[in-house]
Each structure stands twice: as C-alpha cells, then as structure tokens.
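What follows is a set of notes on a single structure, which appears directly below.
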Amino acid sequence: MAAEEGNLIACQHGQAALAARLLKRVSAGRTSSNLIFSPLSIHVALALMSAGAAEDTLDEILSLAGAPSRDDLEAFVKGVVVERVLADRSGIGGPSVAFACGSWTDKTLPLKPTYRDTVVGTYKGETWAVDFRNHPVESRREINAWVAKATRNLITEVLDPYSPSETLHVVANAIYFKAEWRSIFDKDDTVDEEFHLLDGSTVDDVPFMRRPWRFYQRIACHDGFRVLQLPYKSCEDDSSGYFSYKLRENLPEFSMCVFLPDEHDGLWGLVDKLTSRPEFLREHLPTRHVPVGKFRLPKFKLTYMASIRGVLQDVGLRLPFDRLLANMTEIVGDEESGAMQLCVDEVVHKAVVEMNEEGSEAAAVTVESDEELGFSLCDDYDVPRPEPEPTVDFVADHPFAFFIIEETSGTVVFAGHVIDPTKEE
C-alpha cells in the first residue's frame, strides 16, 4: 500500500513537472500574444498514448509523464484525475466539470482488447470504428461533433474535415470546466481602465472587475511579484454552514491563481521563475487572507489552437513520432494479422477560457492521430481580525500569468498568460 501511494505521489510530481516544462516551452512561442492551454489534458493525452506503446517508446512516454510505470500512470489518471479532480459537482452547487476521451479507428483495423479495455475501463472513454479510408470527411466531422458535445460547444472543431491525411486512428480527450467564484464580483463595480502592454503602449476601455475597500482576499507579496488566489465555489451553502463545511472537507477545491509581476514588462522574468522548479507555483501561493486596497482584475476570453507535436518533441518525446522507430504496437492487431506498426502523426491541442464577474468557463481538447506506417474553507468576506491591517493593492493592469488549479492535489488544469485582454488570441 505504501509503495502504491508513493507511486501515485510520483505521478503527481511528474504532472507538476510536465506542466512547468510545457509552460516554459509554449510561452516561448507566444511572446506577443495571449495563451491558454491545459497541462492536465496533455498529461492525460500522454497516458492514453502510453496505453498503445511498448518497449523504448513506452519508456520515453512514461519518463515525460513522470510515471514509474504504465500501471501507475493509469491508476493515477483514473483515481486522481478522472474520479476526483474532473468529477462533476454541479449537482451540489460546485463546478460543472466534464471529462471525456475517445478512440476512433478505421473499421479495417481491429483494436486490441487490452487497449479497448483501457480506454473504456480506465479512462471512462468510448471507442468507435469509422471509415477513415473511404469517408475521411465524415469521420473527422464525427470527431468534431463529439468534441463539441464534450466541451458544451465551447470548442466545435479540432480537425479540419478536408485536411489531406491518411489518418487511420485518432485519440482525443476533452475537459470542460465552469465554476462560480465563491464570492462573485458585482457587475456595477466593473469599470473601464487602461491596460499597459509589454512594449510600453496602452489599450483603453478594458473592463476591470473590482472589489470593495478592505475586502479580504488571498494575496501573497513576494520579491518582484504578487499572487492572487480566487477560490471557486465548491458546493451550495446551507443556512447553518455545517453542511457545506463537512461537504467541502471531501471535495476538490478549485481556484484561479494570478501571478502579477511588479514591473509592467516583468512577465517573462516571472515565467522563468515559475518554470524553474515544479514546486515553485505551489510554494508561492497565498497562505492567508489580507484586506485589499486598490483591486482591479481584467475580464478576458482567450482561445488557443495549435499542433503541439513540436512542443512535445522539444521536451523529450520523439520516438512515438518516428516512422521507423516508434513502437505503438499495443493499439491494433489480431491473431491472424499480428500487431500493426503505427506512429503518432500529430497532436493537436485547443483550449478556451473566459473569466468574468460570475466565474470562469474553460475547455480543452488534445487530439492524437496515428498513420499506418511501418485549500481554505473560510469565506472571503468574513475573516475576523483583532485590529485593522494594512491593505494590500492588487492591480492587474499589465501582463500576468494565471492558472486554474485543484488545490488538494496540486493539479494544474489550465495555464496561460494575458498580454492584451482585449484580444482573444
């Protein structure tokens, strides 16, 4: 039992390490535009990829995912991610969460039973046989329709139906997240102000959400930056508060964490710090509530879609994409034909997030395609203090990094940065 728990902790640390490496690499390619992506979705994509891999290819995937073994990675994704972090809590007033994964294979290629059992049993997914060879457009449209349903239509397309490709196998996972703030913002307090860009210019009329003077918030002040942690509501409060307290003890706790550099052009230096160690983010989260003075946080909606094949290759994943060396023989094959040699042709990632006075809505999808080739429980507004404390300002009027995290597991569900809140990309 101790060994199993240790292996789950190793997977958790591996997930945090992957999130840091991905943030550093993806941010490097988005220095002039906004960014939103889901490290968790990509980590699950690696787990799904590992289900079809063997030998050196499997070892390389597990190394990047930070997992001791494939069994440990599957146990972690099933027990921590699917059944806890991404379990829907909308029925009790908490976040509306949806996780889905699917595998589409050309009807001429029989899935191996062990692979099908992993997708369906471990990841609570579904498998389909489609006609990629003769009806590629219709097959890709079917996948896009599945993505749209899984993400509540926040993401409607991840595959171009008319893209010329000889794809024979596609694996996708989708995450949808929508939650209210534990203490929502008053729309009447929202004002338009200017936002300072990295080049020294400004954009006007940016809607900023505000808090009343001396409203208590989780804020930490560090050398060169400040961190705001906005908790999402985890369940409905009853009149006594007893029910919600007991319930919250066993519920995931989500929050948005905003890392704001002191300097207007300090974002990239802060990203370097954030990605220096996997533990950096968690170690610098606020530990208490403080009264706020000036408080402004911009509303924004961000979208990101790109191939992340190059990103994954840059952080160490090469064999699954190699047409000669990839060993993805655990996906398709039967006793008569034997195992078929596939490789991962492409990995597409798309994410969307919107933040406003009520809360946040976000979704992410990661798609792999193969070709046949050889916590705190106290309320923000009721923290007793023996005497008045100095107020802390938090004015996010210049570029910042943000994360949506699950606090008890340390899982980074979404990550990104805001360079210009008036732009969606």
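Read-outs: derived from the displayed coordinates by stated rules, not from any lab. Source: prediction; values computed, not measured. Note: ideal-geometry Cβ built from the backbone for every residue, glycine included; neighbour counts use all protein chains shown.
Observations on the model:
- Between THR127 and THR422, the simple label model (points 7 Å from Cα in the Cβ direction) yields a spacing of 5.2 nm.
- With the highest mean first, a sort of the peptides 113-121, 211-219, 251-259 on other beta-carbon atoms found within 10 angstrom per residue produces 251-259, 211-219, 113-121.
- Here's how it looks for ARG296: its modeled amide H is under 5 Å from those of PHE394, VAL395, ALA396, which are all 5 or more places away or on a different chain.
- Student exercise, segment 55-100 dipole from Lys, Arg, Asp, Glu Cβ charges, in Debye to nearest 20: 480 debye
- Pairs exceeding 24 Å between alpha-carbon atoms, taken from LYS187/LYS233; LYS78/LYS350; LYS124/LYS178; LYS24/LYS350; LYS233/LYS423: LYS233/LYS423.
- Length gained when the stretch THR156-GLU138 is fully extended (0.36 nm per residue, less Cα-Cα span): 5.0 nm
- Peptides 57-65, 78-86, ordered by how many other C-beta atoms sit within 10 Å of their residues on average, highest first, read 57-65, 78-86.
- Lys/Arg +1, Asp/Glu -1 at C-beta; the chain dipole; positive extreme among ILE42, LEU312, PRO421: PRO421
- Here the relative contact order of segment 154-215, from alpha carbon pairs under 8 Å that lie six or more residues apart, stands at 24 percent.
- Lys/Arg +1, Asp/Glu -1 at C-beta; the chain dipole; positive extreme among THR287, LEU297, ILE175: THR287
- Label-point gap, in nm, between ARG84 and SER201 - each point 7 angstrom along Cα→Cβ: 4.7 nm
- Between CYS221 and ASP71, residue separation times 0.36 nm minus the direct Cα-Cα distance comes to 49.9 nm.
- Label sites at GLU166 and LYS24, each approximated as a point 7 angstrom past Cα along Cα to Cβ, lie 3.8 nm apart.
- Neighbour-count order for HIS222, HIS43, fewest beta carbons within 10 angstrom listed first: HIS222, HIS43
- Here the peptides 281-288, 393-400 are ranked by packing, the mean other Cβ count within 10 Å, and the order with the highest first is 393-400, 281-288.
- Cα-only Debye scattering, the chain: base-10 log of I(q)/I(0) at q = 0.11 Å⁻¹: -0.83
- J(HN,Hα) series, segment 311-325, from Karplus relation 6.51 cos²θ - 1.76 cosθ + 1.60, nearest Hz, glycine and proline x: 4, 5, 5, 5, 9, x, 9, 10, 4, x, 9, 7, 5, 9, 9
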